[in-house]
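Engineer: Right, I'll just put the structure down here and ask away after.
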Amino acid sequence: MNFRDIPMWESAIKARAHHHTHSHTGHTHFWQHAMSRRQFARTAAGTAVVGATLASGLWRSGLAKATGSNEPLPIPGGIILGGQTFHVFGPGLSGNPPDQEPSTITDFNGFVGLAYLNGMVTRTNMQTGEVDTLPFLFSDMRFMQGVFRDTDGRVQQGAFALV
Amino acid sequence: MYEPGPGAQSHDLNPGIKTDGLFWTIAISNDGVKVDLGKGVASMKATNVPIDDYGTIGNALFGGGPAPIPGVVSFTVEWRGVNERINIRNDDPPASGGGFAGEFIRNTAQMEWTATVGDFTFVSDPLETSSSVFAEIGHERNGGFFP
């Protein structure tokens, strides 16, 4: 995805949000049929629910992790959803151009890897003993290994994963 | 992860978004990543990486749902093959997705993983049974290292 595609994405999100606004509880929401934890079509779900939940007493933010020292900095760009920038691109996903940047960190010089993965996982509830087999779909896994400038301005060597 | 069908999404495991915007990215051991671009292979292994289960992607990105449940995940991802070699240089402004260059290999990848979150344990099927929709490895330069 690039800026040229963002209006199309936002239109789709608004349409889905509108759909959600007119939905009712007790049935499956549209985003629950989405294909992937990471697939950016899914992110429309967040946009859809945010308006309805901002005023609630529920947990309010996905931006809950404090930034520490010696950590890498995020890439400046990213996906814009609901007016909010998420500092990640999804090359090769959902019609996004494959030539987008895979790294999520900036001031970086090193190896990268990206994959959207499908498979099956067995889930066991240790309290009840219930066992289920579930699909994981389009799971986005990435690595960045090399030199980077950290939040304190120092150049360091390190490895990072997008999980 | 999704309920069988696939039905509703029931788990969304990730390390969270940092206050500066760093997205689902967490440090792992440098020894856990091995890359050989000449052969088109790479691997990433990590154990007991701290994550949270947000339940759904909507809750992970925007909140509004239940508080995330802390857990750990271990994984092995392997990339192999050379379907295509591509050199990319994007001189667009960084905020527009540019400001990077690199040499990339489009190939395939597989993964196996385990996790423990709250009352649940997760054990994926063996790596060989998984598949990739899109995969690439490469060498990239951005930000102050962009030529």
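Each reported figure results from applying straightforward, stated rules to the coordinates on display, with no laboratory input. Note that this is a predicted model, so its numbers are computed, not measured. Cβ atoms come from the backbone with ideal geometry, glycine included; neighbour counts cover every protein chain shown.
Engineer: Tabulate in residue order the Karplus-calculated ³J(HN,Hα) for segment A:77-91, using 6.51 cos²θ - 1.76 cosθ + 1.60 with θ = phi - 60°, rounded to whole Hz; enter x for Gly and Pro.
Structural biologist: x, x, 7, 9, 9, x, x, 10, 8, 10, 7, 7, 10, x, x
Engineer: Shifting gears a bit: Once R0 is set to 30 Å, what does the formula 1/(1 + (r/R0)^6) return for the Cβ-Cβ distance between A:Thr128 and A:Ala66, expressed as a FRET efficiency to the nearest 0.05?
Structural biologist: Once the sixth-power term is evaluated, E becomes 0.30.
Engineer: What FRET efficiency, computed as 1/(1 + (r/R0)^6) with R0 = 35 Å and r the Cβ-Cβ distance, is obtained for B:Asp91 and A:Gln157, rounded to the nearest 0.05? It would help to have the intermediate numbers written out before the result.
Structural biologist: On the way: r = 27 Å, r/R0 = 0.77.
Computed FRET efficiency for B:Asp91 and A:Gln157 comes out at 0.85.
Engineer: So for B:Val133, B:Val41, B:Val82, fewest C-beta neighbours within 10 Å to most, what's the order? All intermediate terms of the calculation are to be shown ahead of the outcome.
Structural biologist: Values: B:Val133 20, B:Val41 17, B:Val82 14.
Fewest-to-most Cβ neighbours within 10 Å comes out as B:Val82, B:Val41, B:Val133.
Engineer: So what's the gap between the Cα centers of segment A:144-160 and segment B:83-124, to the nearest angstrom?
Structural biologist: 18
Engineer: Something else about it: May I ask for the net charge around B:Leu127, where only other residues with Cβ less than 9 Å from the Cβ of B:Leu127 are counted and Lys, Arg are +1 while Asp, Glu are -1? Provide the component values of the computation, followed by the final result.
Structural biologist: Numbers: positive: none; negative: B:Glu78, B:Glu112, B:Asp125, B:Glu128.
Summing Lys/Arg as +1 and Asp/Glu as -1 gives -4.
Engineer: Right, here's the next one. With a 10 Å Cβ neighbour count serving as the proxy for reagent exposure, in which order, fewest first, do A:Val121, A:Val88 appear? Walk me through the numbers before you get to the answer.
Structural biologist: On the way: A:Val121 21, A:Val88 26.
In increasing order of surrounding Cβ atoms, one gets A:Val121, A:Val88.
Engineer: Still on this structure, I have one more. Taking the Cα centre of chain B as origin, sum charge times position over the Cβ atoms of Lys and Arg (+1) and Asp and Glu (-1), and report the length of that vector in debye to the nearest 20. Mind showing how you got there, number by number?
Structural biologist: On the way: 9 positive and 18 negative charges, 84 e Å.
In debye, rounded to 20, chain B gives about 400.
Engineer: Please give me, ordered by residue number, the trypsin sites (Lys or Arg not before Pro) of segment A:71-163 that lie in loop per DSSP and have at most 10 other Cβ atoms within 10 Å. Before the final figure, lay out each step's value.
Structural biologist: Details: sites: A:Arg123, A:Arg142, A:Arg149, A:Arg154; in loops: A:Arg154.
Answer by residue number: A:Arg154.
Engineer: Loop-only check: which trypsin sites (Lys or Arg not before Pro) in segment B:1-82 are DSSP coil with at most 12 other Cβ within 10 angstrom?
Structural biologist: Values: sites: B:Lys18, B:Lys34, B:Lys39, B:Lys45, B:Arg80; in loops: B:Lys39.
Sites meeting the loop and neighbour criteria: B:Lys39.
Engineer: Something else: Mind checking A:79-86 for the average number of partner chain beta-carbons within 10 Å of each residue's beta-carbon? Don't jump to the answer; show the numbers that get you there.
Structural biologist: Details: counts 3, 0, 2, 2, 0, 3, 3, 5.
Across A:79-86, the average partner-chain Cβ count within 10 Å equals 2.
Engineer: Between B:Thr19 and B:Leu37, what length comes free when the chain is fully extended (0.36 nm per residue of separation minus the Cα-Cα distance, one decimal in nm)?
Structural biologist: On the way: separation 18, 0.36 × 18 = 6.48 nm, distance 3.38 nm.
Full-extension gain reported as 3.1 nm.
Engineer: Follow-up question, since we're still on this one. Report, in deg cm²/dmol and to the nearest 500, the calculated mean residue ellipticity at 222 nm for chain B, where each DSSP H run with n ≥ 4 adds -39500 (n - 2.57) and the sum is divided by the residue count.
Structural biologist: Value at 222 nm, helices only, nearest 500: -1000 deg cm²/dmol.
Engineer: Compute the Cα gyration tensor for segment B:13-145, then decide on rounded, prolate or oblate, letting a ≥ b ≥ c be the square roots of its eigenvalues: rounded whenever a/c is under 1.5, prolate when a/b is larger than b/c in the other cases, and oblate in all that remain. It would help to have the intermediate numbers written out before the result.
Structural biologist: Numbers: a/c = 2.21, a/b = 1.29, b/c = 1.72.
Oblate.
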